[in-house]
Amino acid sequence: MASGGIESEPHEHRESQLMYLVRGEMICEASNALWIVPPQSALWIPGGVTHRIRGRAPLEGYSVFLNPRSAPNLPKDCCAVSVTPLFRELLLRLATRPALYGLKGPDARLVAVLLDELATVSIEKHRLPMPSDPRLRRLVDAMAAEPAIGVTTKTWAKRIGVSERTLNRVLVEETGLSFGRWRQQLHIILAIQKLSRDATVQSVALDLGYENASSFVTMFRKALGTSPARYMANRLAAPVGKR
């Protein structure tokens, strides 16, 4: 179990890592993408993948390291995954067990069930593809710092010294998303981050530049299938096990 804040330099490790978040939120950057990990989600980091993690206190979660050979069919890249009740209870139980366990004992059987359950969890839509082009990275930084600015694509292109056509072309080439789709996904990531920090739906809507909470809720529901309030209520209502 880990608590407090966390900020790592880019690094990798031989083992695959599963980080389950009880409370707080984390951002992971790897493989030209960002992942937001809200409460009651887990972050899957395959062995050998260079990544960087940031999360501010209060932050609480559990981490499990796995030999990559024990889970050859799991995703080859980082992803945020949903946590089922069984999945969560397995993690909490294993967190109390010794790191070195018998290969044929009850702990080994728990790990086997955990791997089976991990192979069935769904990947959450918390990924923001990141461009590598330095000009577009400046754009990313500017839009993340001031998401409420409602300027046109042409204006953003002028700010980073490229044509509107070039901005759209390079963004699609490097992220697979149009400018509008990419900006919407950025708003989803920022919204989850702010909601995880107890911001109200109204304040998040204003921070992201929406005229009213209703239009923000509509966008959020279309992207994630539920309203922001229900999304966070489900996260906070999930049991966290015994301390």
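The condition of being open to solvent by less than 50 Å² (accessible area, probe 1.4 Å) and within 28 Å of Arg137 (Cα to Cα) holds for only one of Ala71, Ala30, Ala57, that being Ala30. Among the residues of segment 4-57, the one identified as on the phi > 0 side of the Ramachandran plot and at pLDDT 90 or above is Gly48.
For segment 108-158, the set of residues classified as part of a strand (DSSP E or B), surrounded by 17 or more Cβ atoms within 10 Å (Cβ to Cβ) and aliphatic (A, V, I, L, M) consists of Leu128 only.
For segment 159-179: of the residues being part of a helix (DSSP H, G or I) and without any contact (Cβ under 8 Å) to a residue 24 or more places away in the chain, which is most open to solvent (accessible area, probe 1.4 Å)? Here the answer is Arg165. Within segment 74-107, the set of residues being more than 21 Å from Thr120 (Cα to Cα) and open to solvent by less than 30 Å² (accessible area, probe 1.4 Å) comprises just one member, Gly105. Scanning segment 195-218 for residues that are touching a residue at least 24 places away in the same chain (Cβ under 8 Å) and either open to solvent by less than 20 Å² (accessible area, probe 1.4 Å) or over 14 Å from Gly150 (Cβ atoms) (or both) yields Leu195, Ser196, Arg197, Val201, Val204, Leu208, Phe216. Do the conditions hold for Gly47, that is, is it surrounded by fewer than 18 Cβ atoms within 10 Å (Cβ to Cβ), in contact with a Leu (Cβ under 9 Å, 6 or more places away or on another chain) and of a type outside the set (Asp, Glu)? Against the criterion (surrounded by fewer than 18 Cβ atoms within 10 Å (Cβ to Cβ), in contact with a Leu (Cβ under 9 Å, 6 or more places away or on another chain) and of a type outside the set (Asp, Glu)), Gly47 qualifies.
The values are calculated or read from the model by the stated rules, or taken from the named source; none is laboratory data. No experiment lies behind these values; they were computed from the predicted model shown. Don't worry about glycine lacking a Cβ; one is built from the backbone with ideal geometry, like all the others, and counts go over all protein chains shown. Ligands, DNA and RNA are stripped out before the accessible areas are found, and what is left, the full protein with its side chains, is counted by its heavy atoms. Shrake-Rupley method; radii C 1.70, N 1.55, O 1.52, S 1.80 Å.
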